[in-house]
Every structure is written in C-alpha cells, then in structure tokens.
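A short write-up of the structure that comes next.
The values are calculated or read from the model by the stated rules, or taken from the named source; none is laboratory data. Computed from a predicted structure; not experimentally measured. Neighbour counts are summed over all protein chains in view; Cβ atoms, including those assigned to glycine, are modelled from backbone coordinates with ideal geometry. Heavy atoms of the whole protein, side chains included, go into the accessibility calculation; ligands, DNA and RNA do not. Shrake-Rupley method; radii C 1.70, N 1.55, O 1.52, S 1.80 Å.
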Amino acid sequence: CIYSNPEGERTAVLVGDSMAKSLSGGFAKAAENLGMKSVVFSLAGCAYLHEDSPIMSNETCYSWRANVFDAIQFLHPDVVVIANLSSLYIGILNQTNEPQYSRDFWASELSTTLDKTLGESRGVLLAQPPPKFIKDVKYDISLIGPIGSPEERQDVEPRRLMENSLEMKVVSTKNSQIQIFNFDNIFCGEQSCTQVVDNQLMFEDGDHLTPQGSLLLSRQLEQMIRQLIGP
C-alpha cells in the first residue's frame, strides 16, 4: 500500500518488525509533510536484515526478506527507514552463543544490511527502539488513578544502552548517507521518562508505540529524512 502522497516524485520506505509497524503512523505523516509517497513493510518477529542472514531465517522470514528487498530494488526509494527490536534477536542469539559473539554477529549482519540497502536508495535511517519501560501500561488503565507513572531516566536508559551503543558504533563507520535516529529525548527529560504525554498514552506496552506515540515522532523523523534526501 502506498501512503501519504501517491503522486509524489520521491519515495520513503519503512521496513522492519513490529517496531516498524508501531512507527508507521509518524513515518507516514513525516513523508506526507515532505511531499513524498510512503510504503511500509513490516512483519512482527522478523528483523529486516539482508536476504542471506541466518538470524531468524525461518521460511516465513526468509521469503518476506526476499520479497521486501525485491520491492526496494523496484522502488529505488530516496530513503529507507529501518526499525528492528534489536534486543530481541541478540537475546535469541544469546541462547546458543556467548554474549560477545551474539553482539558481534548482530553488528556484522546489521552492517551488511545497511550497505546493501544504501546500494538501492539515496539514504538509510536506522530508527532505534523507543525507551524500554518496566510497566506494561495496557494493564494499568484506570478511571480513578494515574496511569503510566514516570520512571527515572537513570533506570530507563541502561535497558537499551548496549544495543543502542552497538548500533551507533556500526553506523559511525558508514557513509554519511546512513544515519541513526534515537528518540530517547522525546520521551525523557533530564531526570525521568514517561509513557504519557498530554494525558495520552504514547506506549501500548513496554516497547511499542501507540498511534499517538508514533505521531509524536513525526517532526523529528521529517527532519532526519530531509537531511538525508536534501531540499
């Protein structure tokens, strides 16, 4: 499905697992503001990686990746935004490997994926997962009490620090047309982080954004995409 501006001359693609799905509202809005048509490819539990990656290479994932990469080659988009829940796949690798090997292997597979994707587009934006909260707010909805109590930033940030730092290190070695988007500061102030903004739930659980949470990111996404594609 083509969203935003079907007649737009430039194309933006969002691809990834459930992280991509939860980011899709803000992504489509950002593309609309830029006059671009937008396309979303997402499959829960299946990281967007290069076609030959052995990570989650079951039949469903493998065929999905192959189809998505064919689509990207066909579309030759101006920008590809990648959103994966990296901690999930590193955790799965840890079940049969040493943690350091798992991290190194994920970094290697991500590096190859970024290079191959840039070969089919003008720019690549790696969108990291939102801050991870302990409380699953969908079980905390109440008419008589507050929901989504803030958590200390010093407690929230370390939950994704390893994966985020690893991805930042990978991107730092790449072409300047590969950038990283971390939005911790959108949900976190100096002292605390919150799942509720202007009395609206920004998260549907500890990891995934609500449509409102996704739309909150649209302006920053728009700015990052504009930097990659130019005026």
Answer yes or no: is there a residue in the stretch 64-80 that is surrounded by fewer than 20 Cβ atoms within 10 Å (Cβ to Cβ), touching a Ser or Thr at 6+ places or on another chain (Cβ under 9 Å), on the phi > 0 side of the Ramachandran plot and in contact (Cβ under 8 Å) with a residue 40 or more places away in the chain.
-> yes
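Go through Asp52, Asp104, Asp70 for me and flag whichever is among the charged types (D, E, K, R) and under 27 Å from Gly8 (Cα atoms).
Values: Asp52 fails: under 27 Å from Gly8 (Cα atoms); Asp104 fails: under 27 Å from Gly8 (Cα atoms).
Answer to the check: Asp70.
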Looking at Thr96, Thr112, which one is touching a His at 6+ places or on another chain (Cβ under 6 Å) and more than 24 Å from Gln195 (Cα to Cα)?
-> Thr112
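Every residue, every condition in (1) crowded, with 19+ Cβ neighbours inside 10 Å; (2) touching a Gly at 6+ places or on another chain (Cβ under 7 Å), yes or no:
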site: Arg159; (1), (2): no, no
site: Asn185; (1), (2): no, no
site: Glu190; (1), (2): no, no
site: Thr194; (1), (2): no, yes
site: Glu204; (1), (2): no, no
site: Ser214; (1), (2): yes, yes
site: Ile225; (1), (2): yes, no
site: Pro231; (1), (2): no, no
For Phe181, the lone unmet condition from (1) touching a Gly at 6+ places or on another chain (Cβ under 9 Å); (2) in contact (Cβ under 8 Å) with a residue 24 or more places away in the chain is (1)
Sort out which residues of the stretch 89-127 are open to solvent by 40 Å² or more (accessible area, probe 1.4 Å), among the polar types (S, T, N, Q) and not in a loop (DSSP other than H, G, I, E, B), and write them in order of number.
-> Asn94, Gln100, Ser108, Thr112
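Of the residues that sit in the stretch 72-88 and are in contact with a strand residue (DSSP E or B) (Cβ under 7 Å, 6 or more places away or on another chain) and assigned to a helix (DSSP H, G or I), which one is farthest from Leu34 (Cα to Cα)?
Among those residues, the one meeting the criterion is Ile72.
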Tally of residues being outside any helix (DSSP H, G or I) and either open to solvent by 50 Å² or more (accessible area, probe 1.4 Å) or in contact with a Cys (Cβ under 9 Å, 6 or more places away or on another chain) (or both) across the stretch 7-40 | 7
Which of (1) within 20 Å of Phe181 (Cα to Cα); (2) among the acidic types (Asp, Glu); (3) surrounded by fewer than 21 Cβ atoms within 10 Å (Cβ to Cβ) is the odd one out, the single condition Glu51 does not satisfy?
-> (1)
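So, in the stretch 41-70, exactly how many residues are of a type outside the set (Val, Ile, Thr) and part of a helix (DSSP H, G or I)?
First, pick out the residues of the stretch 41-70 that are of a type outside the set (Val, Ile, Thr): 41-54, 56-59, 61-67, 69-70.
Then drop every residue that is not part of a helix (DSSP H, G or I), which leaves 59, 61-67, 69-70.
Residues in the stretch 41-70 being of a type outside the set (Val, Ile, Thr) and part of a helix (DSSP H, G or I): 10 in total.
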When residues of the stretch 127-155 are limited to those that are in contact with a strand residue (DSSP E or B) (Cβ under 7 Å, 6 or more places away or on another chain) and within 30 Å of Val13 (Cα to Cα), the one modelled with the lowest pLDDT | Val137
